[in-house]
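Before any comments, here is the structure.
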Amino acid sequence: MKRNLACWLIGSFILVVIFGTIYGAGQFVLRSGANDPQVQTVENIADKLSRGSNPTDFTGDVSDARYSPTFFVIYDEKGGIITGSGFLNGGIPTPPHGIFDYAKAHKEDRFTWQPQTDVRLATVVLYYNDYGGKGFVLAARSLKDVEKREDTLLALT
């Protein structure tokens, strides 16, 4: 009887480890892929800015950050808003200033940003410093769909 219990416990532990690993790998792939559109957006905008474009030349469809597939914001070197295509509660959102310090030191920062309790954003900030212009380009998108996929993955595993 004790041997059966020990085998059952060991087997259960092994299954938990296997399925936990499957979930962890799947969740990592889903979440890391959530940054792909933002990386492309900040790199494209920063490239245009580095070739002399004026930050105020960028316009986009203005959308609510809660639901936006991807929005961007251009900030000056001090973190002041220049222009953007996403809003939250009637204004363009700004991350904590430490994000800009990190991005300036490392050229880029990728993080999950929760500007309020019902909004989680996959966010990329890129620092640019070319042609006399300096500042930051932020691109973000809502994680609602990614989190739904993560919940489905958890239920499947």
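The values are calculated or read from the model by the stated rules, or taken from the named source; none is laboratory data. Computed from a prediction, not measured in an experiment: that's the story for all the values here. Heads up, the Cβs are rebuilt from the backbone with ideal geometry, glycines too, and the neighbour counts pull from every protein chain shown. Protein only, heavy atoms only, side chains kept; ligands, DNA and RNA dropped before computing areas. Shrake-Rupley method; radii C 1.70, N 1.55, O 1.52, S 1.80 Å.
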Worksheet, complete the sentence: On the accessible surface of the stretch 1-84, probed at 1.4 Å with all protein chains in place, carbon and sulfur together account for a percent value of 62 percent
Discussion item. With +1 assigned to the C-beta of every Lys and Arg and -1 to the C-beta of every Asp and Glu, and no other charges, what is the dipole magnitude of the chain about the Cα centre in debye, to the nearest 20?
Written reply: 660 debye
Worksheet item: Say the dipole of the chain comes from +1 at the beta carbon of Lys and Arg and -1 at that of Asp and Glu; which of L30, T59, L143 then lies farthest toward its positive end?
Response: L30
Worksheet item: Using a simple charge model, +1 on the beta-carbon of Lys and Arg, -1 on the beta-carbon of Asp and Glu, nothing else, what dipole does the stretch 105-157 show about its Cα centre, in debye to the nearest 20?
Response: 80 debye
Practice prompt. Could you tell me the distance between the Cα centroids of the stretch 50-88 and the stretch 5-32, to the nearest Å?
Written response: 41 Å
Discussion item. I'd like the FRET efficiency for D151 and S53, computed as 1/(1 + (r/R0)^6) with the beta carbon distance as r and R0 of 35 Å, rounded to 0.05.
Written reply: 0.30
Worksheet item: When ligands, DNA and RNA are left out and all protein chains stay put, how many square angstrom of accessible area per residue does the stretch 22-157 have with a 1.4 Å probe?
Response: 53 Å²
Worksheet item: On a 0 to 90 degree scale, rounded to 10, what angle separates helix 144-156 from the longest Cα axis of the chain?
Response: 10 degrees
Item to complete: Please determine, in degrees from 0 to 90 and to the nearest 10, the orientation of helix 97-106 with respect to the longest principal axis defined by the Cα atoms of the chain, where the helix direction is its Cα long axis.
Response: 90 degrees
